[in-house]
Amino acid sequence: MSSEQTPTTIPDATGPRPRRLTYAAALAALEGFALVAGGVWMSVLALTGEPDDRQQAITGGVTLIVLALLPLLAARGLFARRSWSRGPAVITQIIALPVAYNLLRSDSVAIPAGIALAVVSVTALVLLVNPETTQALGIRGPGNAEK
């Protein structure tokens with residue numbers, strides 16, 4: 001092991017934030033707020049309605065609210081140009097794709113929600129892996145470790 005540390009690339013936070021990075025952050029925030037809204041809606045229906053299992057309905061609502069933390073934290077990090085935030089944002093989009101697929105396979109009003117989720121997820125993924133976004137976050141690509 002060497003005592004020399006790997007230099008880190010610090011993004012230039014003084015210049016304007018690239019639009020692609022802003023759009024990716026906005027889409028992650030949109031997904032987070034949608035999860036919070038769904039969780040609150042589920043919890044309110046569990047408390048005011050007649051669910052089959054009230055405890056399970058409340059647990060589902062709380063779970064959605066807790067899951068919303070990942071895209072919301074990622075969006076905050078992307079807005080602040082933190083390099084760590086791209087990982088959680090990408091993970092959120094990858095997790096959303098199978099959910100969108102299952103919504104698309106349903107025979108209900110969930111099909112438009114599946115289309116919207118698929119479009120948002122694919123768009124956010126494209127924005128997150130864009131070289132302009134990567135450079136704005138100070139992320140070095142493979143083979144650029146010594147630069």
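The values are calculated or read from the model by the stated rules, or taken from the named source; none is laboratory data. Just so it is clear, the model here is predicted, and its values are computed rather than measured. Cβ coordinates were reconstructed from backbone atoms using ideal geometry, including for glycine residues, and neighbour counts include every protein chain displayed. Side chains included, ligands, DNA and RNA excluded: accessible areas come from the protein's heavy atoms. Shrake-Rupley method; radii C 1.70, N 1.55, O 1.52, S 1.80 Å.
Quick look at the numbers
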| quantity | calculated |
| --- | --- |
| For segment 102-118 and segment 67-84, distance of Cα centres in Å | 26 |
| Probe 1.4 Å, protein heavy atoms only - accessible area per residue of segment 102-141 in square angstrom | 56 |
| Rounded percent of accessible protein surface that carbon and sulfur make up, the chain, 1.4 Å probe | 66 |
| Choice from Ser121, Ser85, Ser43 showing the highest fluctuation, given a GNM over the chain with Cα pairs closer than 10 Å | Ser43 |
| Dimensionless Rg over Rh [the chain; C-alpha; Kirkwood] | 1.10 |
| Helix 69-79 vs. the chain, principal-axis angle (Cα, 0 to 90°, nearest 10) | 40 |
| Packing-based ranking, highest mean first, of 59-70, 107-118 given that Cβ atoms within 10 Å are counted | 59-70, 107-118 |
